[in-house]
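The values are calculated or read from the model by the stated rules, or taken from the named source; none is laboratory data. Bear in mind the structure is a predicted one, so any value in this text is a computation, not a measurement. Positions of Cβ are backbone-derived with ideal geometry, glycine not excepted, and every protein chain shown enters the neighbour counts. Areas reflect the complete protein model, heavy atoms only, side chains present, ligands, DNA and RNA absent. Shrake-Rupley method; radii C 1.70, N 1.55, O 1.52, S 1.80 Å.
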Amino acid sequence: MHIKTLLTSSWFSCTFLTLLMIVGLTAEAPLLERAENSIYDRLAAFHKIDKSGQVVLVAIDQDSIGRLGSWPWPRSVISEAIDRLVKTNVKAIGLDLHYPARETGEGIKEIARLKEYLADKKLDLPKNTRQELSRSLAAAENRLDNDSRLLNSVHKGGKIILPLQFYFGSREWVDDSTNPAWLKKHAIDYPKETLSAGHSLFQLGNPFNGEKSPVQATGFSAPFTDLAESAAGLGHDNFIGDRDRTVRGANLFISWQEKLYPSMALRLSLAALDSRLQDIRGTYNKASINSLNFADRIIPVNGEYRLLMAGNRPESFVTFPFHAIQEGKIGRQELAGKTVVLGLTAPGLTTFFKTTEGEEISTAELTAITTAAILAGNHISRPGWTWSLETGALLYFGLFLIFIIPRVNLSLGTIILIIFIISWQALATLLFVSQGIWIKSASPTILAVIGLVLIIINRKFFNPFRTATDDEANKVLGLSFQSQGLLDLAFEKFMKCPVSDPSVKDLLYNLGLDLERKRMHNKAIAVYEHIYRCGPFKDIKEKIERLKVTAKIPSFAKPNSTTLSMTTTSDAKPTLGRYEILEEIGQGAIGTVYLGRDPKINRAVAIKTLRYDQVDKADLAEVKARFFREAEAAGKLNHPNIVTIYDIDEDHDMTYMAMELLNGQDLSAHCKTGNLLPVPKVLEIIIKVAEALEYAHKNHVVHRDVKPANIILLKDGHVKVADFGIARILDSSKTQTGVILGTPNYMSPEQVAGKKVDGSSDQFSLGVVLYELLTGTKPFRNSNVAALMHSISTVSYTPLQEVDPGLPECCIKLATRLMSKAKSRRFETIGEVVVEARKCLREFNKQ
């Protein structure tokens, strides 16, 4: 079988796609995982949950903080709440508040100092007085010692679980050797079953067989020692989101120094069921755990000990605000026999997580949800057979696409495939909603849809049994591509139509004309020759002969020039993008300048092209990128004294800029003795140029090439500044040996030195222009470029008063300050130049 035929066949496409989807499903490819999670989130909303209210969340919410004062509260407030909850006969309490250190109040410290002072035997006090003072101080210390009250409440409360917080990532965060003995009491040993078959602790987890290893922590934060030892148990309150940051499950164990530490929700559930951590048993598949078993509960987990939940559903628990407990409004009737989570839910005071419903909820709420899921069996499972079913579905759809659809009518095959997709999705939905079994149904569906699209494309564009409908479709597509300027794609579509059809010949002929306008002579020849194979048509024979001669000259330039070839074999004008090129009107700083016309709005424009012949080929891409960047920045400038840029683009191997067409001439002609402008007119021009530069500087654009050739004096008297940023494009590129781009006579000393330039450099260049407009001579001139640059950097110029003693003093001062070699001596901003020039103009007019 021919390689091209094989690659374009439905059989090959669908086989490759099926294998790709199986690998993607097994390796949990991000795009497939996103699609699967999207379906999971929608199904989770319909899964039945237990609403019996076995779990109660006592929320330290915004309302409670408003009533009881700003957070953190004294630990005595929490102690009182624990005592109240214990009295209501709750099953267990999860205190999801972090107290890593003792509370060191200034009151306790002061009492300790008083007790030391009272113990001083030199203090002459009666025995009764000393004893009375000691008792008073002890009572005050007891009232102020909130830690002791909290410790007492936690110890007497019995089944009270406190939180751990694990860290992940860099092992430099914590000292791993810090692992107190009491902490190990709240962990279990790493199950021996997971270390079988030669696996080491950190080698577990193979994405291609569904095995994963527990999440490894690199550090932890725990309650201070006395508080931790008073608790019935410790459990982490870490929740880890998926790649999209959404929490769809809870890690019931986290690994730390080869031990497994349970979550607070798991420890709380164990306490509520009168079970111990050591009572947990696991079931395993090879080297990966399947479920945790305790107190007649079977909790399905994966190798990460992760429990999937049916969405993050607040309806699974009852919430009471903390202030209601503190005020005694909630009592035994509402709380007896319940499992309680006490924690922060006020925004800004705790971590919030994104849920499957798109909302964000607190750590305490997630702990309550997880606890409710464990106690009520409200969770989602993925039995070992789900992967086999998903892979089987992928193979089924793949085989159907490969062997069945090609042998039946496409419409019938599509209908059957849609029925299969609906049935598959219905099965996945039913298992999820009724049994809590999650089947990843997106991958087979995506395979079926993409495979069907590939088959349809194959039949439309690669089937040798083309129909009239196919021809019409190719014509429409070809015309669409042609209208978008995608001439190669248009030719590809027209090639699939029979050339014997006169309408196809017309389409191809018009395409050839477009290629001529784009100066793609060789491609135009190919189109005309394709027509001519079916016989003579119009003047294509003559066109082919003339184009073959023209094609020997580079299509976009004459020899040793960057000028567009204005010659075509038809009356059609050459184009750059959508612009018709009418004639060449000059040479600019970046290349040839053309008179063009925008046919859409019939507007005359000036078109400047980027000259590539002075740029190394290796740097061409960088120079073009810089051209677009600088031109876009200049194009954003909207000022009456700045030339407006309409468009920038690239046509084949030439970059161009369409801009405002000006009716006037640059100032070069007025920089010669005998043709100088009057001083007032010179000052007016300097003011307008400075205003334009001030606007540009405020918009973070520096001109870098201010000179008479870039200042246009229009016939109506207006002034326009052109070529913003062009000097940077040219000076920053690597050029041919000995070639200096730009005009060194007007460069500032810092520009000559290759330093970073700013608006102050434009001031210096404007001062040189002012000097030349007033005297007809350049302040810095030398036929040797190196000597010229040395003069600009270090040598003084001839003062204006010596060149022309009759010049106004204010003009001399203005030019002198502008051309200061030190930036600090120039004006702070070019806006100050406008002020000084206007002042000078007023003084001159008064004379």
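Tell me, what is the per residue accessible area of the stretch 230-285 in Å², probe radius 1.4 Å?
On the way: 1860 Å² over 56 residues.
Here the per-residue accessible area is 33 Å².
Among the listed pairs 543/573; 720/839; 475/600; 87/338; 159/185, give every one whose C-alpha distance is greater than 19 Å.
Checking Cα-Cα distances, 720/839; 475/600 exceed 19 Å.
Enumerate lysine pairs in the stretch 601-702 that are 8 or more residues apart or on different chains, then count those whose Cα atoms are under 30 Å apart.
Count of close lysine pairs: 17.
So if I place +1 on the C-beta of Lys and Arg and -1 on the C-beta of Asp and Glu, and nothing else carries charge, what would the dipole magnitude of the stretch 754-813 be about its Cα centre? I want it in debye, nearest 20.
Details: 5 positive and 6 negative charges, 53 e Å.
The calculation lands at about 260 debye.
Tell me the label-point distance for the pair residue 11, residue 336, using the 7 Å Cα-to-Cβ offset, in nm and rounded to one decimal.
7.7 nm
For the stretch 342-424, what is one quarter of the convex hull surface built on the Cα atoms, given in nm²? Before the final figure, lay out each step's value.
Details: hull surface 36.1 nm².
Averaged projected hull area, Cα only: 9.0 nm².
Can you give me the relative contact order of the stretch 306-407 as a percent, contacts being Cα pairs under 8 Å and 6 or more apart? Before the final figure, lay out each step's value.
Details: 64 pairs, mean separation 34.6, N = 102.
So the answer I get is 34 percent.
Could you please state how large a percent of the accessible area of the stretch 217-327 is carbon and sulfur, counting protein chains only and using a 1.4 Å probe?
It is 45 percent, rounded to a whole number.
Give me the Kirkwood hydrodynamic radius of the stretch 773-847, using the inverse of the mean 1/r over all pairs of distinct Cα atoms, in Å to one decimal. Display every interim value, and only then the final one.
Working: mean 1/r = 0.0722 Å⁻¹.
Result for the stretch 773-847 stands at 13.9 Å.
Evaluate the distance, in nm, between pseudo-label points positioned 7 Å from the Cα of residue 622 and of residue 224 along their respective Cα→Cβ axes.
Going by the 7 Å Cα→Cβ label model, 6.1 nm.
Could you provide, to the nearest whole Å², the per residue accessible area of the stretch 338-397 with probe 1.4 Å?
Accessible area per residue, the stretch 338-397: 35 Å².
Normalised by the residues of the stretch 492-552, what does the relative contact order come to in percent, with Cα pairs under 8 Å and at least six apart?
Details: 47 pairs, mean separation 17.2, N = 61.
28 percent.
Once phi is turned into ³J(HN,Hα) by the Karplus curve 6.51 cos²θ - 1.76 cosθ + 1.60 with θ = phi - 60°, what whole-Hz value does each residue of the stretch 701-711 show in order, with x for glycine and proline?
10, 9, 6, 6, 8, 6, 7, x, 5, 9, 10
Rounded to whole Å, give me the distance from the Cα center of the stretch 640-665 to that of the stretch 22-52.
One Cα centre to the other: 54 Å.
State the answer as a single residue: which of 812, 794, 770 lies farthest towards the positive end of the charge dipole of the stretch 765-818, with beta carbon charges of +1 for Lys and Arg and -1 for Asp and Glu, about the Cα centre.
Most positive-ward Cα: 794.
Report the gain in length on full extension from residue 315 to residue 699: 0.36 nm times residue separation, minus Cα-Cα distance, nm rounded to one decimal. If you can, show how the numbers build up before the last one.
On the way: separation 384, 0.36 × 384 = 138.24 nm, distance 5.50 nm.
Residue separation times 0.36 nm, minus the Cα-Cα distance, leaves 132.7 nm.
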